[in-house]
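Worksheet for the structure shown next.
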Amino acid sequence: MDFSFSIQLKQHTPLIHFQHDQAGATLRATEVKAKLDKYLIIHVFNNNEDLYNQYKIGGVNGAHPALDYKIKIIPWGNVIKNNLIEKGSHKTPMFFGNMGDDYNDNPKGLKQYAGADLIFYSHHEQLRKIIKDHISGFLAQTNFGMRQSKGYGSFTCGDYNFFNDFY
């Protein structure tokens, strides 16, 4: 039995990334998993622990509400954008993280690939199905990285058509 499935992501806006100068710097699995867990617990399981207890790491007796699946993210395609955000630059007007004195020690940059493969691993067949059914909606309303409230770090499923939900 195959315990994994993958989803192809399309990246719409660059990430502001602290590792922009490293090959393969893209979404961080730890950020995606934490946000997806919260999304599923609230929107799918309606905060009802009885409904998601069986999917927690450690099962029903698991001490933490994290759901029992793993994520691997592999960027693909050419790098579309890999620019250092220079202190005082007006090229990134909605980024305000470069105003402090410590910016030279921790520079940030814009990083964008054509997309990425998001690979999920779980022994829970029903949890894999729940994730497949809800990943498009999750991505449509969630951005990642710094300044996500300004539209940075936007991804959708590669074959997802938003208009299917409205028409």
- Task: Quick one: net charge around Asn53, please, counting Lys, Arg +1 and Asp, Glu -1 for every other residue with C-beta under 15 Å from its C-beta.
- Result: -3
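Please tell me which of these pairs span more than 18 angstrom C-alpha to C-alpha: Lys70/Lys129; Lys10/Lys70; Lys10/Lys132; Lys33/Lys72?
Values: Lys70/Lys129 14 Å; Lys10/Lys70 20 Å; Lys10/Lys132 16 Å; Lys33/Lys72 10 Å.
Beyond 18 Å: Lys10/Lys70.
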- Query: Quick one: ranking Asp133, Asp117, Asp50, Asp37 by accessible area, 1.4 Å probe, largest first, what do you get?
  - Reply: Asp50, Asp133, Asp117, Asp37
- Item | Accessible surface of His43 - all protein chains present, 1.4 Å probe, nearest 10 Å² | 110 Å²
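Largest first, how would Arg28, Arg128 line up by accessible area (1.4 Å probe)?
Details: Arg28 105, Arg128 20 Å².
Ranked from most to least accessible, the order is Arg28, Arg128.
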- Which value in nm describes the separation of the simple spin-label points at Gln54 and Glu125, placed 7 Å from the Cα toward the beta carbon? 1.2 nm
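Going by accessible area, probe 1.4 Å, with all protein chains left in place, what is the ranking of Thr26, Thr13, largest first? Don't skip to the answer; put the middle values down first.
Details: Thr26 10, Thr13 40 Å².
In descending accessible area the options line up as Thr13, Thr26.
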- Note on the structure: So, over other residues within a Cβ distance under 13 Å of Tyr69, counting Lys, Arg +1 and Asp, Glu -1, the net charge is +4
- If ligands, DNA and RNA are left out, what is the accessible area of Leu36 with a 1.4 Å probe, given in Å² to the nearest 10? 0 Å²
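The values are calculated or read from the model by the stated rules, or taken from the named source; none is laboratory data. Predicted, not measured: the structure shown is a model, and the values here were computed from it. Cβ sites come from the backbone with ideal geometry, for glycine too, and all protein chains shown count toward neighbours. Keep in mind that these areas ignore ligands, DNA and RNA; they rest on the heavy atoms of the full protein, side chains included. Shrake-Rupley method; radii C 1.70, N 1.55, O 1.52, S 1.80 Å.
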